Amino acid sequence: MAKKKKPITPQRQTEPNSGATLKDLLSPEMASKLKAQSEAWKAEEAEAQAAKRRQAEEERQAREKQLEQNFEHLLNHSKQDWRNFK
């Protein structure tokens, strides 16, 4: 059986700027604008998460308050042993 020949791939030529990073290629003011925008987005995301957390807490408190007024729920979740009070 003959051996399969691997196809020859042309080798890539390295570019002269291969060591340069995006930060090096951008102007300093553009990099600072991008950093400021990134931080603004992070702050916006943190505020959105905090608002979502506050809303979930308010909903939980409203649900608990409603259940506190429900006699059946209070009776079913009572921890006292009613046989002691006979």
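Please verify whether K79 is surrounded by fewer than 10 Cβ atoms within 10 Å (Cβ to Cβ), of a type outside the set (G, A, S) and outside any helix (DSSP H, G or I), treating the condition exactly as stated.
Details: surrounded by fewer than 10 Cβ atoms within 10 Å (Cβ to Cβ): yes; of a type outside the set (G, A, S): yes; outside any helix (DSSP H, G or I): yes.
When the stated conditions are applied, K79 passes them.
Quick one: which residue in N17, N84 is modelled with pLDDT under 80 and either assigned to a helix (DSSP H, G or I) or in contact with a strand residue (DSSP E or B) (Cβ under 9 Å, 6 or more places away or on another chain) (or both)? The match here is N84. Can you find a residue that is part of a helix (DSSP H, G or I), at pLDDT below 95 and surrounded by fewer than 10 Cβ atoms within 10 Å (Cβ to Cβ) anywhere in the stretch 30-49? Checked the stretch 30-49: no residue is part of a helix (DSSP H, G or I), at pLDDT below 95 and surrounded by fewer than 10 Cβ atoms within 10 Å (Cβ to Cβ).
The values are calculated or read from the model by the stated rules, or taken from the named source; none is laboratory data. Everything quoted here is computed from the prediction, not taken from an experiment. For neighbour counting, all protein chains shown are included, and Cβ atoms are generated from backbone atoms with ideal geometry for every residue, glycine included.
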